[in-house]
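A.B. asks: Take this structure, written in structure tokens, and hold onto it; I'll ask about it next.
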Amino acid sequence: MHLSLSETSVQGTSAQTDRMSSQMTQTPTGHGEFAEYLHSFKLKDSQCCTCDRAKNQDVMHGFEDCVIFARDRVVVEIGMGTRISRRNFLETS
Ligand SMILES: [Zn+2]
């Protein structure tokens, strides 16, 4: 699944946009260092997240509820001025 941020969910200034890391731009497309993505290329044994073996570590898990990414999520949410949630994304495929 590929996701893109809806236009209404990104209202940062150009200075905020300049600070976006390559990881932040890769993540919405599902191309990050998430276990699910690495597992699809047989680069990781499991697609489960280490925070909860019952959950797949995919993009939305990282964005919405993974405790491992909690600090990064808060930093991004403060920068964007909004909470990250599934409804802020459009499915593109
Ligand atoms: Zn997790």
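The values are calculated or read from the model by the stated rules, or taken from the named source; none is laboratory data. This is a predicted model, so every value here is computed, not measured. So basically every Cβ, Gly included, is an ideal-geometry build from the backbone, and we count neighbours across all protein chains shown.
A.B. asks: Provide a single number: the residues in segment 76-93 that are surrounded by 14 or more Cβ atoms within 10 Å (Cβ to Cβ) and either in contact with a Ser or Thr (Cβ under 9 Å, 6 or more places away or on another chain) or at pLDDT below 80 (or both).
C.D. replies: Total meeting the criteria: 5.
A.B. asks: Filter segment 31-60 down to the residues that are near the ligand (Cβ under 10 Å from one of its atoms), over 11 Å from the mean Cα position of the chain (by Cα) and assigned to a loop (DSSP other than H, G, I, E, B), then identify the one that is surrounded by the most Cβ atoms within 10 Å (Cβ to Cβ).
C.D. replies: Only one residue fits best here, namely Cys51.
A.B. asks: Of (1) under 14 Å from the mean Cα position of the chain (by Cα); (2) touching a residue at least 40 places away in the same chain (Cβ under 8 Å), Gly81 satisfies all except one. Which?
C.D. replies: Here Gly81 meets the rest and fails (1).
A.B. asks: Using beta carbons and a limit of 6 Å, which pairs, at least six apart or on different chains, have the first residue in segment 39-66 and under 14 Å from Ser85 (Cβ atoms) and the second one modelled with pLDDT under 90 and aliphatic (A, V, I, L, M)?
C.D. replies: Within 6 Å, the pairs are Phe63/Ile84.
A.B. asks: Please specify each residue of segment 61-75 satisfying the condition of being within 16 Å of the ligand (Cβ to nearest atom) and surrounded by fewer than 18 Cβ atoms within 10 Å (Cβ to Cβ).
C.D. replies: Glu64, Asp65, Val67, Ile68, Ala70, Arg71, Asp72, Val74, listed by residue number.
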